[in-house]
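Below is one structure, written out as structure tokens, with a few remarks after it.
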Amino acid sequence: MMRIIIALLSGALFGAGLAISGMADPMRVRAFLDLFGAWDPTLAFVMGGAMIPMALAWIVQRRVSRPFADLAFALPDTRAIDGKLALGAILFGIGWGIGGLCPGPAIASLALSPAAAAPFVLAMLGGMAIHHFTIKS
């Protein structure tokens, strides 16, 4: 039960941060990617600000034997950069540039402007389903 409460609180905090920072607005993201037009550096500050709590989280993770609400940390098995990772990053970047959203802000946008976010979220879920049923890990 504690894991569910922590997950809900974490998701609510993340969603609120996206809404407050304006990162759930696809036009703000597109303006960040428009380097030679009306460039908006806001996203760079949001990403830079996100590095501070993440750095602290890595420090804490190294010093404790287990997480507060689980038996072990769920860390990636490898750090290798392979073709699958590169292709996934390329597809993510293309989708992010075209749609102005990535999965977190897209879900948050469902609460803020559902009609605008729904096509992106449906396409995202369709892509996830295609991957699930066609790509072998």
Next on the checklist: Name the residue from Ala115, Phe32, Leu91 whose Cα lies farthest towards the positive end of the charge dipole of the chain, charges +1 on Cβ of Lys and Arg and -1 on Cβ of Asp and Glu.
Outcome noted: Leu91
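Taking the Cα centre of the chain as origin, work out the dipole magnitude from +1 charges on Lys and Arg Cβ and -1 charges on Asp and Glu Cβ, in debye rounded to 20. Can you show the working numbers first?
Working: 9 positive and 6 negative charges, 83 e Å.
The dipole of the chain has a size of about 400 debye.
Remind me, relative contact order of the range 66-137 in percent, using alpha carbon pairs under 8 angstrom and six or more residues apart?
Values: 20 pairs, mean separation 11.0, N = 72.
It rounds to 15 percent for the range 66-137.
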Checklist outcome for this item: Taking the chain and counting helices only, DSSP H stretches of n ≥ 4 at -39,500 (n - 2.57) each over all residues, the nearest-500 ellipticity at 222 nm comes to -24000 deg cm²/dmol
Item to check | Phi-based couplings in Hz for the range 6-23 (Karplus 6.51, -1.76, 1.60; Gly and Pro marked x) | outcome: 5, 4, 5, 5, 5, x, 5, 5, 4, x, 5, x, 5, 5, 5, 6, x, 6
Next on the checklist: Explain nothing, just the number: relative contact order of the chain, from Cα pairs under 8 Å at least 6 residues apart, as a whole percent.
Outcome noted: 28 percent
Item to check | Residue-by-residue Karplus 3J(HN,Hα) for the range 52-67, coefficients 6.51, -1.76, 1.60, Hz, glycine and proline x | outcome: 5, x, 5, 4, 5, 4, 5, 5, 4, 4, 6, 9, 10, 7, 7, x
Checklist outcome for this item: Helix 114-134 sits off the longest principal axis of the Cα atoms of the chain, rounded to the nearest 10 on a 0 to 90 degree scale, by 60 degrees
Next on the checklist: Given points 7 Å out from each Cα along the Cα-Cβ axis, report the Leu8 to Phe73 separation in nanometres with one decimal.
Outcome noted: 2.8 nm
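All of the numbers you see were taken from the coordinates with simple rules; none came from a lab. Since we're looking at a predicted model, the values are computed, not measured. Quick reminder, even Gly has a Cβ in these numbers, built from the backbone with ideal geometry, and neighbours come from all protein chains shown.
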